[in-house]
1. Mind listing whichever residues of the stretch B:93-131 are facing chain A (nearest Cβ under 7 Å), of a type in the set (A, V, I, L, M) and outside any helix (DSSP H, G or I)?
2. Going through the stretch A:167-188 one residue at a time, which ones are among the small types (G, A, S) and either more than 7 Å from chain B (Cβ to nearest Cβ) or more than 20 Å from the chain's Cα centre (by Cα) (or both)?
3. Tell me whether the stretch B:111-119 contains one or more residues that are surrounded by 21 or more Cβ atoms within 10 Å (Cβ to Cβ), among the small types (G, A, S) and more than 21 Å from B:I266 (Cβ to Cβ).
4. Please go through the stretch B:134-171 and give me each residue that is modelled with pLDDT of 80 or more, surrounded by fewer than 18 Cβ atoms within 10 Å (Cβ to Cβ) and in a helix (DSSP H, G or I), ordered by number.
5. Here's a check for you: in the stretch B:51-67, which residue that is of a type outside the set (A, V, I, L, M), in contact with a helix residue (DSSP H, G or I) (Cβ under 9 Å, 6 or more places away or on another chain) and in a helix (DSSP H, G or I) is farthest from A:F179 (Cα to Cα)?
6. Please verify whether A:G319 is more than 12 Å from chain B (Cβ to nearest Cβ) and in contact with a Ser or Thr (Cβ under 8 Å, 6 or more places away or on another chain), treating the condition exactly as stated.
7. Just to be sure I understand the filter: pairs with C-beta atoms under 8 Å, separated by 6 or more residues or on different chains, first member in the stretch A:40-60 and assigned by TED's automatic domain parsing to the domain that holds A:V99, second member among the polar types (S, T, N, Q) and in a loop (DSSP other than H, G, I, E, B). Which pairs pass?
8. Of all residues in the stretch B:234-245, which are closer than 13 Å to A:S188 by Cβ and either among the hydroxyl-bearing types (S, T, Y) or more than 7 Å from every other protein chain (Cβ to nearest Cβ) (or both)?
Amino acid sequence: MTATIAPTRTAQNPLTAGQLPRWAPWALLGVAVLIGAAVAGLIAGASGTAFSLVTVALLGFVLYLVAVTVVSQLIEGGRKATDRLVTGLVVGAFLLALVPLISLVVTVAINGAARFDLEFFTYTMRNVVGEGGGVLHAIVGTVLVTIWAAIISVPVGIFTAIYLVEYGKGSLSKAITFFVDVMTGIPSIVAGLFAYALFALFAGEGVRSGFGGAVALSLLMIPTVVRSTEEMLKLVPNDLREASLALGVPKWLTIAKVVLPTALAGIVTGVTLAIARVIGETAPLLIIAGFTTNMNYNVFDGRMMTLPVFAFNQYVSPGVQEQAYFDRAWSAALVLILIVMILNIGARVIAHFFAPKAGR
Amino acid sequence: MTTAAPAASRATATKRPADIAFQAVSTVAGVLILIALGGVAIFLVAQAVPAIIGPIPEAEGASFWDWVWPLTFGTLWSAFLAMIMAVPLAVAIALFITHFAPRRLAQLLGYVIDLLAAIPSVIYGLWGIAVLAPFFQPAFLWLGENLGWLPLFTPPASGTGRTILTASVVLAVMVLPIITALCREIFLQTPRLNEEAALALGATRWEMITMAVLPHGRSGIIASSILGLGRALGETMAVAMVLASSGVVSFVVIGSQNPSTIAANIALRFPEAHGITVNMLIGSGLVLFAITLLVNGLSRWIIAKTTVDGGR
């Protein structure tokens, strides 16, 4: 009976019959993009506007989805066609997410290069109107505020994590875990308002100081430090603790000499990432550290400029020569992005090279 | 949890002074966090009370709640728009990284998406004004002309592109990596046997995902979305910079009259504020704090509820 049915297509390999060859989606994609480019070219020619890459990408993507679904439906059947459609959509979603990242980095790099010079790093904004000036005061402010935030939050965070992992039992430990979770969700601007409310008690209304900024930042930093340190301490094998305790080492020495050194790389990574997170915070510093054009080395007194606030301030309230202010804002953004990237990469490097060897 | 606990209950270990001191320091650090949070609540309430119960300047509105309502609306509306865009995209990206991308590239691609989370919000603000707003402006004009009958797109369209939709897109980009990272973890925890069983029965990759991965991760997706929502609600600088706001209550997403958000309003007005205005702003901060607490609490509740019966 079956012999009477003529084969619809001659396949070399019966196992791959009814399947699209591997190159088919790529070929379809190429054709779709070409058509998209042709249409975009026609539109550009007809309306006299610039050739739009966005049109090419959008048209190419939609055409590809339609084409691959239809072709696959005809050759492979509906289930496979749905699979290919979804694959296309998912890859498209990922590429779409790359667009803002690339666009942002390129924009900051191009616009920031204009004032990325020696003067920018060696001058403050004191008595600068229009062109010139620099961010030295903002860099010093950012470094001081961040150092103070770290001085407050690193010991508190690490000791809290030690308490939670090594000592914590009962309701106090539960309460701390819960409220660290709550703390993770505090909006940064609320942290700034808290620091203001706290310092306004002692120093009166309108108080501004770098230390207040450090307090606000540490409120944001502590939960990150606690979480990461806790995770790392939990990773330390119990055998190590038991061995040390069995040798008669006091518990505090066990923690200080055995547990902490084993988890050190992870803790340092966590702290570095926490610093990278708070160093770009703008809102709390805008509220409590304020802005100034002068150098201020004293965190306990007076307004203190920081890099993110500098970028914000230069961009939203430019003076007469607008472009000079915009250029400084972009260059400050570039410096900030570089610092954050270096901290992030540094954290990964530490995690990669100094991670404890996994026991067995 | 502690290894010494069973031993200590039988024969009490000698308590050295150093031991006691170390334990005390650790406990104090933990308690300090509780005190700090209590302080946040007390100080904010104390500073907010004058504005909440007392009269506020007539130019601001009839009462504190009258004044804070448009801001609350703007906060919720912009976060809602951002979530509509971010959640499907984040789930798709998490699926791409866990189930579609080549195994070797997956970790690197995940790291690339994490980079989005590392960029400071003030830079998103700059980018939103300089790149995104001009890019969207023609699209807004087109929407106003052709879809103006929809209440969302009532013309006239904004001339600068700095509308609540642009701000929401920036917010969406900012919460995207947070939701993606959490969803990725959840999708990776899908039992391998379920996935392999589905594939062995002849399911395509997408069918395997709808049968094994998504049902397993449903509550996780919801919880991580709500965590992202908490972040979007509290985000300050990007909105403060991108949005050209006028304090109205309006659903129009392309116009030049946009509602402001609580956080952005505080950031823009606090530097020049004095007297009762400071109290009003702190009061609005308290409202924001309450909203984010509620949202985050909901998310933790979902996570806690599902890890009990769904965990291994």
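1. Within the stretch B:93-131, just B:I119 meets the criteria.
2. Step one: of the stretch A:167-188, the residues among the small types (G, A, S) are A:168, A:170-171, A:173, A:175, A:185, A:188.
Result: A:G168, A:G170, A:S171, A:S173, A:A175.
3. Taking every residue of the stretch B:111-119 in turn, none turns out to be surrounded by 21 or more Cβ atoms within 10 Å (Cβ to Cβ), among the small types (G, A, S) and more than 21 Å from B:I266 (Cβ to Cβ).
4. B:P134, B:F135, B:P138, B:A139, B:L141, B:W142, B:E145, B:N146
5. Among those that are of a type outside the set (A, V, I, L, M), in contact with a helix residue (DSSP H, G or I) (Cβ under 9 Å, 6 or more places away or on another chain) and in a helix (DSSP H, G or I), it is B:W67.
6. Numbers: more than 12 Å from chain B (Cβ to nearest Cβ): yes; in contact with a Ser or Thr (Cβ under 8 Å, 6 or more places away or on another chain): no.
Answer is no for this residue.
7. A:A40/A:S52; A:I43/A:T49; A:I43/A:S52; A:A44/A:S52
8. Our first condition is that a residue be closer than 13 Å to A:S188 by Cβ; within the stretch B:234-245, this holds for B:234-240.
Passing the criteria: B:E235, B:T236, B:A238, B:V239, B:A240.
The values are calculated or read from the model by the stated rules, or taken from the named source; none is laboratory data. What you see is a predicted model; the values in this text were computed from it and never measured. Note that each Cβ is placed from the backbone with ideal geometry, even for glycine, and that neighbours are counted across all protein chains shown.
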